[in-house]
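Every read-out reported here was derived from the displayed coordinates using simple, explicitly stated rules and does not represent laboratory data. Not measured: the values here are computed from a predicted model. Ideal geometry is used to build each Cβ from the backbone, glycine not excepted, and the neighbour counts take in all protein chains shown.
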Amino acid sequence: MANHLGTTDDEQAACQAQMNRWQRTVGEIQTRKRQVAECERALEALSKVTACFQQMATSVGSSSDSSSLREKTNDTRALAHKVCTGLHRKLVPLLAETVPGQEDRDKVEQLWVHFLTGLESLQQDLYKFGDLTDRFPLKQKNDRRALIKTGASDEFSGVAAQAASTQSPWVGTEVEQNPDLKTHITQIDAMIKEMLQKVSIPFWAVESTQEAWTEGVDFSDAADDQDETLEVEVVSQDGKMSGCCHPPNCKFGCMLCLLT
Amino acid sequence: MTIRNVRDHGQRFRPRMTCLKKVEAVILEMQDPKTGVKSQPQRLVITTIPHAITGEDIVAWLANRYSIQTEEACTLGRMLVAFGYIYPLQDHKRLIIKPDASLYRFQTPYFWPAQQWPVEDTDYAIYLAKRNIRKKGILEMYEQEQYNSLHKWMNHKWDFIVMQAKEQYRAGKERKKPDRVVFDCQERAYWVVHRPPPGTISAMDYGLERMVDPNAEEKQTSDFFRRTIIFTQQSIMRPRVKSSVSIGALVKYSITYNKHDPFLAPCLPSNPWLTDDVTYWMLNMTNVEIPTKMRVERWTFSFGELLADPRGRADFTLFLKKEFSGENLAFWEACEDLKWGTAATMNEKAQQIYKTFLARGAPRWINIDGKTMEVTVKGLKHPHRYVLDAAQTHIFMLMKKDSYGRYLKSPVFKETQKRAIDPEQHRFSVTQLEANAKKRRPSLSPIIVRQQEEEERARMATSGPVDITQLCRFTAPVPHLAVYSGPLSSPPFPLCLPHTPACPSPISVTIDSTPASERRWEEGVGGGEGGEADQVGEGTAVSSRSRMALSLGRLLRRGCSPSTVFASLSPKFPAPAGNSSRVQPISTDQIGQAPPRRIANFFQIKVDIPPECRIYPIDSEDEEESGGASKGGGGGEGGGEGQVKEIICPWESLTPHEGAG
């Protein structure tokens, strides 16, 4: 009797343990999935912020340069910094946990490679930005004479807004100090190095999921930017407005489309 | 992820980019609102974009600012455009400046060519992807190719590239329309400069990367000054030549070589590349019997010319043989051989040369002055490629001052001159040219050519005239072991060793005493050509009557081979000719010990002069005339042994009776 009871108890305990394990695994899987999705969104955010940063950095030293532009660029840089550090924090343990044979291992490796590429790209832009700001200081009144007349205006609110609209996918991260430029660069450097050393992934094994000649199906209003029209005249051929490509948080984009 | 193996500690800089800094200064001046080039707005359909400048304004400004001519200003302007500091608004692919009303604009500093940031392929991929996304089919052919190749090589980050391209496109759209146009123009101009279409000359081409940043200001530390001081001191110490002298030399050279210059004078009979007729090459082959007149005339220009031409050298050798003073030339050729030969054989060659030419009582002793001899001998303690340079120069000058003049007056030369042919200029008609073109055939493979040369040499070796003094074994200084000369015919027993008249590399006689060769030799392989393609070029057309004869024959035959293994005689080949008491047959047991003894062999020349006939003091201690046992192995040890006389290099330790092997 007692034996029977004991076995039943044991069985029950074993069943319970199994159930727990199963539940845990499911929970784990779900967490992991969520984390991977977060990282993906973060990577997109990084991409966006980097693009905006670059767009603004191209105007440094030109006649469209101004201290407000530089401020906005710095803000964008801070944002980039935030995204980077957050992504770094999230991605590294994710990768460390990845066992070979796991389903989303490919995805995580891809994220890793792309993150590194993004970091390098950002670093390059930061270098250039730093060098240009040194070269073309804006402190003195006469400094504005040195700015190259490029024909661009100094209207960057749209870009800055685009950048600012980037949502960091995780909330509640601790707010870090925005480092100044040089520190930022060295930090990124260190990050890259550390990442390379920590995890050994064969980069070349990552394959792209896109084909070579991706067409931007959603860039349907691109007709107004044809190359040949840039030379002499800009022919505005308004495309289909319905297929507006811009993400929902783009307020200005639609205005621009309206303009053309 | 880009692999960055090299942390750029300023170690890789592009040499021609020193000018970039200066160009930037020019640009800054040019765009100054008050004193720079005046700008005007560019009118587009819906908008106007300011800050466009015309080509003629640019050129005029440059000419004015730097007080230069219009052409020079044009060139300078072109350079500005080529580097990408100014870009054309129309005809954007051609980076030139048109001094008319065509429009240009300044490039934003972000897109300036920078020394420290090489242009990244990732960025180019993003740019191409962006353009492709914007409008399919816009990419040109070369851009499509680049795109494909980038897609292949950057496949692992391709998703990121596409993502970034899209994001950049979106970010660009945030700007106002005119700004977008400007930005697109800027970016396009940037990539035209840095990824030029194929076939265009890019200003960004540069050579090797430098170790020092040419744009960096060098800190004036004490080391900098020290280097400057050294540099100026060396400049002062440099020997100078008066310009009248150097110019005179140039004029003289031009006058002399005027008719021989391949560009200034036509090629007789005709240029094979143009007419497909190879007579010219045939007539000017290396060992042709009858040279052309032009060739012979070149020999009269200078002694160096004579020696440089193999046919000339052969002629000169012939002359020297008639005069019985071939050792100078032989020594000179031996030195050349040492200089140009393989490093492995250098030591042995040096020793051999010493023993043959320089030592007291050497078989072919050359006459150089005491000081040079002293220096050379000292140098030979640690022989290297150029250790005999001083002696060689001395002998060269000797020959030049003495023999060369006599050669030019000699009957040999005059005969050659008389027989020299002077081909007529070909005059081919068009049909004949076509016929020639059809008859074109590839020439012989070099291997076959070499074999033929070797055979040729072997044949000449057997048929050359006899040089008596070389053969007289008891008259010094050149004993019978004419190691570097002469072929051995299949002659009767007491050997007179003929010389080959046209054997150009006297020093290259070898007894490469490989076991196989010895065995072959011992089998008395007679006759035949030395046409083996192996390095040593064994000639074997020697009768087996005398081992010495055989050996020498082989020696001499091989001497004509292009392989320049140094000559040596093995102890197995003691003196030839008649000294039958001294003839030491090769003991067969020596065959199996080739490697150590080969080295030993190289180091010996056995001069088997019977003691009573010895005329020159031999400083070695080989008084004992034991049986000509072979020497033992350590290379370079001159062990006295055997009845054979050895010439030992004075620095070598004399170790008597080294056992064989």
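Working from Cα pairs under 8 Å separated by at least six residues, relative contact order for segment B:13-117 is 26 percent.
Among the GluC sites (Glu not before Pro) in segment B:324-430, those located in a DSSP loop and surrounded by at most 10 other Cβ atoms within 10 Å of their own Cβ are B:GLU424.
Is the shape of segment B:360-424 rounded, prolate or oblate, going by the alpha carbon gyration tensor and its root eigenvalues a ≥ b ≥ c, with a/c under 1.5 for rounded and a/b larger than b/c for prolate?
Prolate, because a/c is 1.5 or more and a/b exceeds b/c.
Averaging the sequence gap over all C-alpha pairs within less than 8 Å and six or more residues apart, then dividing by the number of residues, gives segment B:291-419 a relative contact order of 28 percent. Separation of segment B:369-416 and segment B:126-154, taken as the distance between their Cα centroids, equals 68 angstrom. Neighbours of B:ARG227, meaning other residues whose beta-carbon lies under 13 angstrom from its beta-carbon, give a summed charge of 0 when Lys and Arg score +1 and Asp and Glu score -1. Shielding value for B:35-44 is 2, the average number of Cβ atoms from other chains within 10 Å of each residue's Cβ. The protection proxy used here, the mean number of other Cβ atoms lying within 10 Å of each residue, ranks peptides B:147-158, B:49-60 as follows, highest first: B:49-60, B:147-158. Between A:SER62 and A:ILE148, the built amide H atoms are under 5 Å apart, and every one of these is 5 or more places off in sequence or on another chain. Which pairs break 30 Å Cα to Cα here: A:LYS48/B:LYS21; A:LYS139/B:LYS98; A:LYS48/A:LYS182; A:LYS48/B:LYS34; A:LYS72/A:LYS141; A:LYS107/B:LYS166? Pairs exceeding 30 Å: A:LYS48/B:LYS21; A:LYS139/B:LYS98; A:LYS48/B:LYS34. The phi-based Karplus calculation (6.51 cos²θ - 1.76 cosθ + 1.60; θ = phi - 60°) puts the 3J(HN,Hα) values of segment B:222-232 at 5, 5, 4, 5, 4, 5, 4, 5, 4, 4, 6 Hz, whole numbers, x for Gly and Pro.
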